[in-house]
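Enquirer: Please read through the structure below; I'll follow up with questions.
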Amino acid sequence: MDPDNLDIESLTIDPNKLHLKLQIVTWNVGTASPPRDLSSLLLLDSSGSPIDLYVIGLQEVNSKIVNFLSDMAFDDPWSQFLMDIFAPLGYVKVSSIRMQGLLLLTFVKHKHIPFIQDIRTNYIRTGLYGYWGNKGGVTVRMSVYGHMLCFMNCHLPAHMENTNQRLDDFERMLEAQQFDGESIGSILDHDVVFWFGDLNFRIADFGIHFIREVVNSNRYNLLWEKDQLNIAKKTERFLQGFLEGPLKFKPTYKFDLNSDVYDTRWKKSLLGFNGKKRKPAWTDRILWKLKEDSESELDEAAGTDFEHILKVHLEKYASHMSYGISDHKPVTGTFTIQVKPLILAPSVTLRAEGEWNADHDSLISYSVSKDFPSSTWDWIGLYRATFRHTNDYVTYAWVKDDEISFSEDCNQVYINADEIPLDGGEFLLGYFCHNLQCLAGISEPFQIQPGRNLTAKDGVEGTEDSIKSDMFMGAGF
C-alpha cells in the first residue's frame with residue numbers, strides 16, 4: 001500500500017472550502033459475477049484514484065435463495081470483490097445495505113473516515129404491492145463534514161406502459177422512508193439527495209428502427225424530449241429540483257450479453273416467436289437534488305448552489321460500453337462536492353502508547369471533543385493497515401470496561417497481549433461510536449513487533465518439518 005494513502009494527518013482542512021471527489025456507479029448486473037477488471041469504471045490507474053468517496057449501487061445481484069442465505073452470513077461476491085480492490089488503495093467500506101437483488105456500498109479514503117458520521121441505512125419494498133423486494137430502493141444517509149447527504153439506489157418497475165407505476169413507487173419512497181434515530185424528517189430534508197439506479201424509464205412514441213438510427217448517428221438530443229423521465233420532470237411536482245447531466249451517451253439498455261450490440265434476440269411467446277425486441281432506452285440514471293434550489297435558472301450539467309455553503313458540480317456523466325456481463329451498461333457520475341466544513345477536527349483523537357510488542361499488554365490513549373455523544377457501547381478496534389470495513393478488526397477494547405484511567409483531557413484503555421497478533425506488522429486504531437454508527441476517530445499507522453512465542457513456534461515447526469522431510473526421503477518418496 002502507498003503510505004500516503006494512510007497519512008491521517010495529511011488532510012489540511014480549509015475552514016471556508018473543501019473539495020471532495022465523489023464517484024457514483026449504478027449497474028444492473030443481471031445476476032452475473034463481477035468481471036475481472038473494473039479500472040475504467042472506478043477511475044483507477046497505476047497511481048490509485050483521485051476519488052474521495054465511492055457510492056456503488058447495483059441491481060439484480062444474484063438473489064437465489066442459496067446465494068441470499070450465504071450472503072446474509074458472509075459478504076456477497078460483489079462486496080468481497082470491491083473490498084479486494086479498494087483496501088490496498090487506502091479505502092474502507094463504511095456502509096452496506098442489501099435488499100434481495102439491490103445492493104448499495106459506500107467506500108471512503110482513510111483520511112476522511114472521522115468526518116463521515118451518523119451513518120444510517122434503510123430499504124423499502126415496492127414489488128407485489130410492497131411485500132416483495134425485487135423492486136424498491138435501498139438508502140444510506142450520512143453526515144459528511146457536517147452536511148447531510150442521502151443516496152438512494154432504486155430498481156423501478158419495467159416495461160414501456162408502467163411509467164405511472166414507476167413514478168408512484170418513487171414518490172412513495174420519498175414520503176415513507178425513515179431512518180432509525182434520525183433527526184431529519186424525510187429524504188428531501190437532507191442537504192443533498194442523490195437518486196440513481198435502474199429506473200426503467202423508456203423512450204416513448206418513437207419506433208425501434210428510428211431510435212437505433214438516431215443512436216448510430218450519435219444524435220441523442222433527438223430522443224431527449226421523448227424520454228419518460230425528462231417528461232415527468234416537467235409535470236410531476238415531487239421531481240422538481242432533481243438535476244441530471246445531459247444524456248450524451250448511448251442508451252444503456254438492452255444489449256446482447258458480452259457485446260455492444262442492441263437486443264437481437266427474438267422474444268418467445270407461448271405460441272412461438274413474436275418478433276418483439278426491446279427498444280434502446282436510458283434506463284440507468286443518476287440525478288441529484290439540493291435541499292434549497294437557487295431561484296435563478298441553472299445549468300443542470302454544471303450543478304447548483306446551496307446558500308454558498310454546499311455546491312455540487314457534475315464533472316462527467318458517462319456509460320461504459322466495454323462491460324458486457326449483463327444486458328445493461330454501467331453508468332457513472334463523477335462529482336465535485338464543495339463544502340464549507342462544519343467539522344474541522346475529528347471528534348476523537350487516539351494513539352498507541354509506546355512501542356507495541358505482541359508479547360506484552362498495550363495501552364491506548366484517547367480524548368473526545370466536548371459535545372461528543374459517547375456511549376458505554378463504544379469500542380476501540382485494532383485494525384491491520386489494509387483493513388476492509390468497520391468490523392474488520394483484529395481485536396477490540398470496550399472504552400468503559402477496559403478503561404484503566406480517565407480525565408478530562410485523556411483516557412486510557414488496555415489490550416491484552418493474548419489478543420495481539422503474534423506476527424506483528426502495521427496496524428492502526430479506530431474508535432467506533434455507537435450513537436453515530438461510525439468510526440469517529442482513527443490513529444496514525446504504527447508497528448507491532450512480532451512476539452517471541454511466534455519465533456519459538458516457528459522454530460519448533462521448522463524442526464518438525466525437517467524430521468518429516470528426512471522420514472519421507474528415507475522411505476523413498
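Enquirer: On the protein heavy atoms, probe 1.4 angstrom, tell me the percent of accessible surface of segment 148-267 carried by carbon and sulfur. Before the final figure, lay out the partial values.
Expert: Values: 2580 of 5390 Å².
The C+S portion of the solvent-accessible surface of segment 148-267 is 48 percent.
Enquirer: Taking H placed 1.01 Å from N in the peptide plane, check which residues at least 5 places from residue 198 or on another chain put their amide H under 5 Å from its amide H.
Expert: 154, 156
Enquirer: Additional query: Under 5 Å between amide hydrogens, which residues at least 5 positions from residue 315 or on another chain qualify, with H placed 1.01 Å from N in the peptide plane?
Expert: Under 5 Å from the amide H of residue 315 lie the amide H atoms of 334, 335, 336, each far enough along the sequence or on another chain.
Enquirer: Now for a separate question. Could you state the number of Å between the C-alpha centres of segment 429-448 and segment 154-227?
Expert: The two parts, judged by their Cα centres, are 38 Å apart.
Enquirer: Over the C-alpha atoms of segment 83-237, what are the Rg and the largest Cα-to-Cα span, Dmax, in Å?
Expert: Spelled out, the Cα radius of gyration and Dmax of segment 83-237 are 18.2, 53 Å.
Enquirer: HN-Hα J couplings of segment 310-323 from phi, Karplus 6.51/-1.76/1.60, θ = phi - 60°, integer Hz, Gly and Pro as x?
Expert: In residue order, the calculated couplings are 9, 10, 10, 10, 7, 7, 7, 10, 8, 9, 10, 6, 6, 8 Hz.
Enquirer: Using just the C-alpha positions of segment 389-451 as equal point scatterers, what log10 of I(q)/I(0) does the Debye formula give at each q in 0.14, 0.24 1/Å?
Expert: Each listed q corresponds, in turn, to -0.48, -1.28.
Enquirer: Can you sort 36, 452, 141 by solvent-accessible area, 1.4 Å probe, largest first?
Expert: Values: 36 235, 452 165, 141 0 Å².
Of 36, 452, 141, the descending order of accessible area is 36, 452, 141.
Enquirer: Using 21 Å as the Cα-Cα cut-off, could you pick out the over-long pairs in 21/289; 17/248; 250/329; 135/329; 135/277; 135/254? Intermediate values should be presented prior to the final figure.
Expert: Details: 21/289 17 Å; 17/248 31 Å; 250/329 9 Å; 135/329 19 Å; 135/277 23 Å; 135/254 19 Å.
Long pairs (Cα-Cα over 21 Å): 17/248; 135/277.
Enquirer: Got a sec to turn the phi values of segment 154-159 into Karplus ³J(HN,Hα) couplings, 6.51 cos²θ - 1.76 cosθ + 1.60 with θ = phi - 60°, whole Hz, x for Gly and Pro?
Expert: In residue order, the calculated couplings are 10, 10, 9, x, 8, 6 Hz.
Enquirer: Please work out how much accessible surface residue 446 shows to a 1.4 Å probe, ignoring ligands, DNA and RNA, in Å² rounded to 10.
Expert: For residue 446, the solvent-accessible surface is approximately 30 Å².
Enquirer: As a test question: what accessible area, to the nearest 10 Å², does residue 60 have when a 1.4 Å probe is rolled over all protein chains in place?
Expert: Surface accessible to solvent at residue 60 totals approximately 80 Å².
Enquirer: Right, something else. Using the per-residue mean of other Cβ atoms lying within 10 Å as a proxy for protection, in what order, highest first, do the peptides 317-326, 219-228, 369-378, 147-156 fall? Please report the intermediate quantities before stating the final value.
Expert: Working: 317-326: 17.2, 219-228: 15.5, 369-378: 13.6, 147-156: 24.9.
Peptide ranking by packing, descending: 147-156, 317-326, 219-228, 369-378.
Enquirer: Moving to a separate point now. Starting from the Kirkwood Rh over alpha-carbon pairs, what translational D in µm² s⁻¹ does segment 366-413 have by Stokes-Einstein at 37 °C and 0.692 mPa s? Walk me through the numbers before you get to the answer.
Expert: On the way: Rh = 12.0 Å.
In µm²/s, the coefficient is 274.
Enquirer: When 1/r is averaged over all different Cα pairs and the result inverted, which Kirkwood radius in Å belongs to segment 318-453?
Expert: Numbers: mean 1/r = 0.0585 Å⁻¹.
Kirkwood hydrodynamic radius for segment 318-453: 17.1 Å.
Enquirer: I'd like the accessible area for residue 313: 1.4 Å probe, protein heavy atoms, all chains in place, Å² to the nearest 10.
Expert: 80 Å²
Enquirer: Using a 7 Å offset from the Cα along the Cα-to-Cβ direction at both residue 218 and residue 407, what is the distance between the two label points in nm, to one decimal?
Expert: For residue 218 paired with residue 407, the spin-label model returns 6.8 nm.
Enquirer: In terms of solvent-accessible area of protein heavy atoms at a 1.4 angstrom probe, what is the ranking of 260, 191, 284, highest value first?
Expert: Values: 260 90, 191 25, 284 0 Å².
Order by accessible area, largest first: 260, 191, 284.
The values are calculated or read from the model by the stated rules, or taken from the named source; none is laboratory data. Just so it is clear, the model here is predicted, and its values are computed rather than measured. Positions of Cβ are backbone-derived with ideal geometry, glycine not excepted, and every protein chain shown enters the neighbour counts. With ligands, DNA and RNA removed, areas are computed over all heavy atoms of the protein, side chains included. Shrake-Rupley method; radii C 1.70, N 1.55, O 1.52, S 1.80 Å.
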